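This report concerns only the one structure given below.
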Amino acid sequence: MVAWLDAALEAGRLYRSIGALDEEQLRPHVLRAWVRSHGGGADPSRPRAEGLSSLNTERLRERHGGLLGAAEPYLCALSRASGDERHAVMMGDAQAIVLDVRGDEQSVHGPERVPGPGALLEESACGANGVGTALAEGGYVELVGPEHFIQGFHPFTCQGIPLRDERGEVAGVLSVSVRRPEIGRRLREILLCAAHAIEMELLAVRLEQDMERVLGARDVPTEALKRLLQDILQVQEAARLRIEIAADQLARRLLTHTRDLIQLAAMVLSRFRRRVALWRALALDETVAPRQVALDTMVRDIAELLEVESAVRDVTMTIQEIEPVVVEADPHTLARALFRVLLGAITAARGGVVHLALRSRPTGGELCLTLTPGLGVTMKAPPPVRILVPARLEAPECGFHAS
């Protein structure tokens with residue numbers, strides 16, 4: 001046993017014998033969990049059996065149907081990734097009540113089964129654990145063997161991470177428990193990736209609801225936004241597929257291939273989040289307080305988001321030069337203004353090319369667009385468009401200076 005686990009074991013013996021907590025023996029997040037467990041009245045010898053009735057459990061699951069539906073493919077993937085090891089994949093709500101459990105037969109239905117749906121796993125009832133502690137800490141946690149406050153959980157290595165909705169509020173928690181620490185280490189990256197993918201699924205549902213709102217709005221390029229949404233949802237499918245393949249590879253212990261797939265899935269998820277944030281800024285008529293905005297990043301992201309629109313109009317958009325530029329503006333309003341400019345350029349250059357450059361100027365950033373329409377689209381090419389985005393912008397539509 002490694003030194004810090006020996007120290008945790010000794011800390012447990014000390015606490016059970018005289019009720020004292022040795023701060024030097026425990027990792028910081030474990031110490032915080034033990035302090036909360038002690039303060040909440042948790043019994044280190046056994047968990048308190050608290051939970052909902054079968055009827056109330058079903059009602060709770062129905063209330064969280066959207067979350068459970070979003071999590072379904074990833075609970076299955078995590079269970080598959082565990083292979084033939086003893087394991088339990090658990091989904092809980094924001095109050096640490098178990099909503100669903102997947103795992104091997106012994107772990108889910110055997111005499112030493114893990115707590116099932118309806119069980120309360122907050123620290124005051126069950127001490128430090130992958131569900132309650134992840135929620136209390138507000139982030140990823142790992143608890144190995146004797147780091148669990150309650151002795152009955154010492155055979156397990158537990159990991160957990162909260163799940164957040166589109167507002168950043170905690171919607172639930174995802175946890176995995178295994179019997180061997182090395183299996184826990186192997187599952188860590190796919191657990192984190194699966195948690196972010198569940199959040200992605202929740203965002204995708206919200207996007208489709210937002211699209212219904214957009215359809216009734218005025219002055220919105222609806223068809224373009226529909227195509228952008230479909231492109232974003234394809235990114236979602238790509239991330240899900242990579243996680244499912246990675247789970248199968250993990251089960252077969254093909255670790256090198258798995259790491260590559262998980263890294264790729266993480267990159268796809270990051271792209272999804274950026275595109276969602278940008279799409280919502282474009283689609284919803286919302287404003288936020290002015291703040292510093294990396295104009296170069298925003299221009300790149302909008303150009304990338306418009307790849308499908310460019311393909312529909314048979315336009316190639318090339319980025320000649322992008323210099324770092326920071327401006328102060330409402331990012332939502334700025335994004336909508338830039339989107340209209342670039343979409344207009346793509347429309348005007350049908351069948352041809354749009355050359356894009358962004359240059360830093362003492363007064364802000366200068367966006368330069370050179371349009372070369374396809375043959376037969378127009379008699380002569382439109383003149384180059386130069387748009388100055390001031391360093392401090394109160395209302396982009398009024399503040400842009402075009403030439």
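Take the conditions part of a helix (DSSP H, G or I), within 18 Å of Phe153 (Cβ to Cβ), modelled with pLDDT under 90 and under 33 Å from the mean Cα position of the chain (by Cα) and apply them to Leu5. Does it pass? Considered against the rule, which asks whether it is part of a helix (DSSP H, G or I), within 18 Å of Phe153 (Cβ to Cβ), modelled with pLDDT under 90 and under 33 Å from the mean Cα position of the chain (by Cα), Leu5 comes out as yes.
I'm checking my understanding of the structure. Among residues of region 14-57 that are within 25 Å of Val114 (Cβ to Cβ) and charged (D, E, K, R), which one is surrounded by the most Cβ atoms within 10 Å (Cβ to Cβ)? Applying the filter and picking the extreme gives Arg36. Within region 374-400, residues that are modelled with pLDDT of 85 or more have Cβ atoms under 8 Å from residues that are in a helix (DSSP H, G or I) and not hydrophobic (A, V, I, L, M, F, W, C) in these pairs: Val389/Pro396; Val389/Gly399; Pro390/Gly399, counting only partners at least 6 apart in sequence or on another chain. When Leu21, Leu9, Leu60, Leu75 are screened for being in contact with a helix residue (DSSP H, G or I) (Cβ under 7 Å, 6 or more places away or on another chain) and touching a residue at least 24 places away in the same chain (Cβ under 8 Å), only Leu9 passes.
Given the structure, is Asp296 assigned by TED's automatic domain parsing to the domain that holds Arg340, in contact with a helix residue (DSSP H, G or I) (Cβ under 6 Å, 6 or more places away or on another chain), among the charged types (D, E, K, R) and part of a helix (DSSP H, G or I)? The answer is no for Asp296. Restricting attention to region 331-346, does a residue exist that is free of Cβ contacts under 8 Å to residues at least 24 places away in the same chain and either charged (D, E, K, R) or surrounded by 21 or more Cβ atoms within 10 Å (Cβ to Cβ) (or both)? Within region 331-346, not a single residue is free of Cβ contacts under 8 Å to residues at least 24 places away in the same chain and either charged (D, E, K, R) or surrounded by 21 or more Cβ atoms within 10 Å (Cβ to Cβ) (or both). What number of residues within region 178-197 are of a type in the set (Val, Ile, Thr) and buried (at least 23 other Cβ atoms within 10 Å of the Cβ)? Number of matching residues: 2. Does Asp6 satisfy the condition of being surrounded by fewer than 17 Cβ atoms within 10 Å (Cβ to Cβ) and farther than 17 Å from Ile150 by Cβ? When the stated conditions are applied, Asp6 passes them.
Within region 8-47, the residues that satisfy the criterion of being among the charged types (D, E, K, R) and either out of contact with any Asp or Glu (no Cβ under 6 Å at 6 or more places or on another chain) or not in a helix (DSSP H, G or I) (or both) are Glu10, Arg13, Arg16, Asp22, Glu23, Glu24, Arg27, Arg32, Asp43, Arg46.
The values are calculated or read from the model by the stated rules, or taken from the named source; none is laboratory data. Treat the numbers as computed from the prediction; the structure is a model and nothing was measured. Neighbour counts are summed over all protein chains in view; Cβ atoms, including those assigned to glycine, are modelled from backbone coordinates with ideal geometry.
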